[in-house]
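This report concerns only the one structure given below.
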Amino acid sequence: MSDFDRRSVLKAGLGGAALLAGPGIVPVRAAEWTNTPEPNASIRVLRWKQFIQAEFDKFAEQTKKFSEKTGVKVKLEAESWEDIRPKAAVAANVGAGPDLIIGTLDDPHKFPEKLIDVTDVAQYLGAQYGGWYPVAEKYGKKGNGWIAIPQGATGGCLNYRISHVKAAGFEQFPKDTDGFLKLCQALKKNNTPAGFALGHATGDANGWCQWALWAFGGKVVNEKNEVVLDSPETIAALEYVKQLYATFIPGVLSWNDSNNNKAFLNGELSLTLNGISIWTVGKNSPDPKQQEIAKDMDHAPMPIGPVGKPTEQQNILVYYGYKHSKYPKAVKEYIKFMMDKENYDAWEVASNGYVSPPLPAYNDNPVWTSDPKITPYRDCLKRCLDNGYAGDLGYASAAVMGDFVVVDMFAEAASGSATPQEAAKRAAERAKRYYQV
């Protein structure tokens, strides 16, 4: 999809939309959106808790505008990613709770039969805006229909201190895993260390551990959904990360998704994986020290490993509504309203590019070129694989991710509580419990 010239395709009209929409999507014209919310509708929306206050404020403002426009009352709530997952499962099991959740990754694939079919929403947005990124489509679809609408990804890039990287002997940030290891070793030697979460951090730990596994050719399953985690490629990834871990700041084994933010802005950390929130918070902070740190920051994609191509894992955000809702049309209308480009663009600007867009047409938002430090986040979905790679998304892939099987494997090998061989074998057995049900 990204190989096409978007403008030339869009000029072709509906035919261009059909070309970009991807397999399984039947494009429709914008005028064909005929959904009307139920009278006196009221919905409860549970979304992820913000890392940038301005992002949430704009989201809440647009929710209010939706209510004013449609008459649908919306109760908006926010919880951490880790807390949303069990609440989503309970809602699916008992048939009560939020009408709509904005959660993460392939959680909707755990209970697809409990969810509202949103194929019409996906088709409308895909045709209107030139098609979805393939990885976004994979997260949204189950078979030929859509069970979720990708909101984007809280894009993960490497956050680093420019002056510290230069002091370590690097004029440019390394683009491969060999150079990346040398950089981390030099930062450690200069007492300006790196640090990457190895605790149960949904965004940060999954992000960089999956990257490392895939960068060396390892994977949880093959194309037939057979567990192949215990492999020479996985061992190579574990041995590499063990070397990286030796350069890290102490304490990363217990880090969640907020610890590296705090450590970086406290000046304790020179390199980590994170969204754009560290830089945004620092830039807007009343603390002069944090402002100086933000000025000395830049961002880069994850380096390329021996496989020779990008292997990033991004924290994909997804809208999914429940069949237990009394107002499914209102749920669809809300998703469509929040995802329409005019509203999405305004929200993206307020968030300072915190969410990488799932539709390439949204890449023309001026926020992405307003500062070169933001631009690397724009293309996160171009560089990422889905977390079920190389198999299918479903109950098993979601459960393996939710149970932090890969993260725990890397933590065990890196810390020395198990050899790489032992860690890989144990992780493979854990994965089989889900894939061989």
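In the range 400-433, the residue that is most open to solvent (accessible area, probe 1.4 Å) out of those that are more than 19 Å from residue 313 (Cα to Cα) and in contact with a strand residue (DSSP E or B) (Cβ under 9 Å, 6 or more places away or on another chain) is 429.
Given the condition in contact with a Phe, Trp or Tyr (Cβ under 6 Å, 6 or more places away or on another chain) and modelled with pLDDT under 95, answer yes or no: does some residue in the range 277-294 qualify? Yes, the conditions are met somewhere in the range 277-294.
Counted as qualifying within the range 1-96 are the helices (runs of 4 or more DSSP H) with 1 or more residues that are modelled with pLDDT of 95 or more and under 23 Å from residue 327 (Cβ atoms), namely 53-70, 81-94. So, in the range 76-107, how many residues would count as being touching a Pro at 6+ places or on another chain (Cβ under 9 Å) and of a type outside the set (Gly, Ala, Ser)? Adding up the residues that qualify gives 4. Of all residues in the range 134-149, those satisfying the criterion of being touching a residue at least 12 places away in the same chain (Cβ under 8 Å) and open to solvent by 10 Å² or more (accessible area, probe 1.4 Å) are 134, 135, 137, 138, 141, 142, 144, 145, 147. Would you confirm whether or not the range 276-298 contains a residue that is under 22 Å from the mean Cα position of the chain (by Cα), within 19 Å of residue 356 (Cα to Cα), crowded, with 23+ Cβ neighbours inside 10 Å and of a type in the set (Ser, Thr, Tyr)? There is no residue in the range 276-298 that is under 22 Å from the mean Cα position of the chain (by Cα), within 19 Å of residue 356 (Cα to Cα), crowded, with 23+ Cβ neighbours inside 10 Å and of a type in the set (Ser, Thr, Tyr). Figure legend. Inter-residue proximity from the range 33-53: first residues open to solvent by 80 Å² or more (accessible area, probe 1.4 Å), second residues part of a strand (DSSP E or B), beta-carbon distance below 6 Å, spacing 6+ or different chains. Indicated pairs: 44/75; 49/78; 49/79. For the criterion of being touching a residue at least 60 places away in the same chain (Cβ under 8 Å) and in contact with a Lys or Arg (Cβ under 7 Å, 6 or more places away or on another chain), residue 152 fails.
Filtering the range 387-399 to residues that are within 13 Å of residue 85 (Cβ to Cβ) and either surrounded by fewer than 21 Cβ atoms within 10 Å (Cβ to Cβ) or over 15 Å from the mean Cα position of the chain (by Cα) (or both) leaves only 399.
For the range 200-242, the set of residues classified as closer than 26 Å to residue 276 by Cα, in a loop (DSSP other than H, G, I, E, B) and of a type in the set (Val, Ile, Thr) consists of 202 only.
Residue 202 meets all of the listed conditions (1) open to solvent by less than 10 Å² (accessible area, probe 1.4 Å); (2) more than 26 Å from residue 411 (Cβ to Cβ) but one, namely (2).
Is there a residue in the range 249-261 that is within 17 Å of residue 191 (Cβ to Cβ), in the same structural domain as residue 201 (by the TED database), surrounded by 23 or more Cβ atoms within 10 Å (Cβ to Cβ) and in contact (Cβ under 8 Å) with a residue 24 or more places away in the chain? Scanning the range 249-261, I find at least one residue that is within 17 Å of residue 191 (Cβ to Cβ), in the same structural domain as residue 201 (by the TED database), surrounded by 23 or more Cβ atoms within 10 Å (Cβ to Cβ) and in contact (Cβ under 8 Å) with a residue 24 or more places away in the chain, so the answer is yes.
Go through the range 209-230 and give me each residue that's in contact (Cβ under 8 Å) with a residue 24 or more places away in the chain, within 21 Å of residue 393 (Cβ to Cβ) and not aliphatic (A, V, I, L, M). Of everything in the range 209-230, those that are in contact (Cβ under 8 Å) with a residue 24 or more places away in the chain, within 21 Å of residue 393 (Cβ to Cβ) and not aliphatic (A, V, I, L, M) turn out to be 209, 210, 211, 214, 217, 219, 222, 223, 224, 225, 226.
Selection of the range 329-385 for residues being under 23 Å from residue 35 (Cα atoms) and more than 19 Å from the chain's Cα centre (by Cα) yields 329, 330, 331, 332, 333, 334, 336, 337, 340, 341, 342, 343.
The values are calculated or read from the model by the stated rules, or taken from the named source; none is laboratory data. Quick caveat: nothing in here was measured; it's all calculated off a predicted structure. Every residue, glycine as well, gets a Cβ built from its backbone with ideal geometry; the counts of neighbours run over all protein chains shown. Accessible surface is based on the protein model in full, side chains and every heavy atom, while ligands, DNA and RNA are left aside. Shrake-Rupley method; radii C 1.70, N 1.55, O 1.52, S 1.80 Å.
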